[in-house]
Amino acid sequence: MTFVIITHVPHILLQNKYFAYGPYVREMNIWTKYANRIIIVAPKTDAERTLIDSAYEHDSIEFIPIENFDILTVKSTLSTIFKIPKVSWSIFKAMQAANHIHLRCPGNVGLVGSIIQIAFPTKIKTAKYAGNWDPTSIQPWTYKLQQYILSNTFLTRKMRVLVYGEWEGSSKNIQPFFTATYTEADKLPISKKVILERINFIFVGALVKGKNPMYAIQLIEAFAKKGNNVRLSLYGEGIERPLLESYILKNKLGKIISLEGNQSQETVKKAYQNSHFVILPSDSEGWPKAIAEGMFWGCVPMARAVSCVPFMLDYGKRGVLVTLDLDNDTKQISDCIFDETIYATMSTAAEKWSQQFTLNLFEQKINRLMAN
């Protein structure tokens with residue numbers, strides 16, 4: 001089987017191996033187990049490999065590089081107009097060679113791919129929509145267009161679209177799905193996490209405005225001002241880092257807030273195990289892996305009610321749905337912190353729920369998708 005991947009994720013060529021964002025590659029290594037040959041159509045970057053990047057594990061990979069493009073400014077839009085024909089042709093030729101077409105959405109490359117796949121109605125296809133599928137949510141028009149094309153069973157045939165959450169009125173090709181990080185072997189007996197002296201919070205994600213890392217810092221700052229012994233460790237990199245560093249320095253928060261940067265999966269895993277809460281107050285999410293990962297290790301999650309997050313947190317029974325209102329959120333979290341029974345109940349419920357979604361189950365599900 002020739003398995004073709006169409007993605008916007010930048011790839012790095014190093015020592016005859018292709019590297020990309022670790023969580024994405026680890027998932028793709030499961031999909032590609034069932035293929036004899038892989039064709040990847042994606043942007044290529046000369047950036048240095050970081051600790052968060054991983055390599056594909058396959059003996060037969062053909063990589064077709066395409067240029068990055070966007071329509072964020074007038075200049076980039078004009079540039080995109082000239083890039084699109086070549087990008088489209090590369091995607092079309094790869095799809096011609098495919099037995100199975102796999103789209104990664106949402107994104108600019110995913111949008112082009114979702115349009116071109118219409119020309120291949122008889123080929124088996126899957127699309128992983130890693131963003132917020134909620135039809136009522138406010139999203140860029142390009143995302144809405146991708147949702148429309150993918151869910152239209154006249155335009156999009158022989159495709160299963162994997163989305164996070166169950167949404168009323170979905171077309172028959174829309175399939176609720178999940179993602180996973182840990183295996184059955186990673187599971188430990190359910191243990192009761194206890195808050196003793198210091199309360200440890202962890203944030204894992206890109207340091208970008210949409211993830212609201214500044215709000216996470218200000219929330220912990222508010223607790224510290226009330227005399228609580230708290231600490232927040234932020235794992236990830238992004239354009240907001242200088243702003244966050246400046247805020248931490250200006251407000252003398254260096255003893256309670258640390259920016260850890262990108263770290264290995266093992267390092268982050270240990271950080272989850274030593275934390276009481278995992279916080280991710282994002283404006284938009286699909287299936288927030290940081291929340292699911294933290295829950296796996298008994299962290300009580302704190303996240304906004306976007307996409308399938310309310311379902312993950314059982315509408316507040318196994319986590320705190322934050323609102324970006326400091327007074328309201330500090331009260332909610334205080335109720336959890338200072339009531340041992342509430343905290344223990346939430347922590348145990350979070351751990352039990354998340355440990356259902358292992359890589360073992362994930363691989364079984366993908367195996368079925370690839371077999372049909």
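Could I have the simple spin-label model distance between Glu197 and Gln96, label points 7 Å from Cα toward Cβ, reported in nm to one decimal?
Result for the modelled spin labels: 6.9 nm.
Using a Debye calculation, one point per C-alpha and no hydration shell, please list log10 I(q)/I(0) for region 115-239 at q = 0.11, 0.16, 0.17 Å⁻¹ in order.
Each listed q corresponds, in turn, to -0.65, -0.97, -1.01.
Just to confirm my numbers, what's the Cα centroid distance between region 171-192 and region 74-100 in Å?
Region 171-192 and region 74-100 have Cα centres spaced 34 Å from each other.
Report, by chain and number, residues whose modeled amide H sits under 5 Å from the one on His11, excluding near sequence neighbours (fewer than 5 apart, same chain).
Lys44, Thr45
From the C-alpha gyration tensor of region 1-135, pull out the three semi-axes of the equivalent ellipsoid (sqrt of 5λ each), sorted largest to smallest, in whole Å.
Details: eigenvalues 95, 76, 43 Å².
Square roots of five times the eigenvalues give 22, 19, 15 Å.
Can you compute log10 of I(q)/I(0) for region 1-81 with the Debye formula, treating each Cα as one identical point scatterer, at q = 0.13, 0.22, 0.24, 0.25 Å⁻¹?
For region 1-81 at q = 0.13, 0.22, 0.24, 0.25 Å⁻¹, log10 I(q)/I(0) is -0.44, -1.01, -1.14, -1.20.
Return the Cα extents of region 184-354 along principal axes one, two and three, sorted largest first, each rounded to a whole Å.
Projected onto the principal axes, the Cα atoms of region 184-354 cover 42, 32, 28 Å.
List the relative contact order of region 221-372 as a percent without decimals, with contacts defined as Cα pairs under 8 Å and 6+ residues apart. Don't jump to the answer; show the numbers that get you there.
Values: 171 pairs, mean separation 26.6, N = 152.
The normalised contact order for region 221-372 reaches 17 percent.
Using DSSP to call loops (not H, G, I, E or B), can you name the chymotrypsin sites (Phe, Trp or Tyr not before Pro) in region 281-353 whose Cβ has at most 15 other Cβ atoms within 10 angstrom? Write out the running numbers ahead of the final one.
Working: sites: Phe296, Trp297, Phe311, Tyr315, Phe338, Tyr343, Trp353; in loops: Trp297, Phe338.
When the chymotrypsin sites (Phe, Trp or Tyr not before Pro) of region 281-353 are filtered for loop state and at most 15 Cβ neighbours within 10 Å, Phe338 remain.
I need the calculated FRET efficiency for the pair Trp167 and Ser334, taking r as the beta carbon distance and R₀ as 30 Å, to the nearest 0.05.
On the way: r = 34 Å, r/R0 = 1.12.
After rounding, the FRET efficiency stands at 0.35.
What translational diffusion coefficient, to the nearest whole µm²/s, does the chain have by Stokes-Einstein, given a Kirkwood radius computed over alpha-carbon pairs, a temperature of 20 °C and 1.002 mPa s viscosity? Intermediate values should be presented prior to the final figure.
Working: Rh = 21.8 Å.
Answer from the Stokes-Einstein relation: 98 µm²/s.
If a/c stays under 1.5 just call it rounded; otherwise compare a/b with b/c (prolate if a/b is bigger, oblate if not). Do that for region 174-229, with a ≥ b ≥ c from the square roots of the Cα gyration tensor eigenvalues. List each step's numbers first, then the result.
Values: a/c = 3.28, a/b = 1.30, b/c = 2.53.
Because a/c hits 1.5 or more and a/b fails to exceed b/c, region 174-229 counts as oblate.
How big, in percent, is the set of alpha carbon pairs in region 188-284 lying more than 15 Å apart?
On the way: 2810 of 4656 pairs.
Percent of Cα pairs beyond 15 Å in region 188-284: 60.
Take the alpha carbon atoms of region 316-372, find their center, do the same for region 4-33, and report the distance between the two centers in whole angstrom.
If you average the Cα positions of each part, the centres end up 28 Å apart.
Calculate one ³J(HN,Hα) per residue across region 27-40 by plugging θ = phi - 60° into the Karplus curve 6.51 cos²θ - 1.76 cosθ + 1.60, and present them in order as whole Hz with x for glycine and proline.
Values per residue, Gly and Pro as x: 5, 5, 5, 6, 4, 6, 4, 9, 10, 7, 9, 10, 10, 10 Hz.
A short reminder: the numbers here are calculations on the coordinates, not readings from a lab. It should be emphasised that the depicted structure is a prediction, and the values quoted were computed from it without experimental measurement. Please note: Cβ atoms are built from the backbone with ideal geometry, for glycine as well, and neighbour counts cover all protein chains shown.
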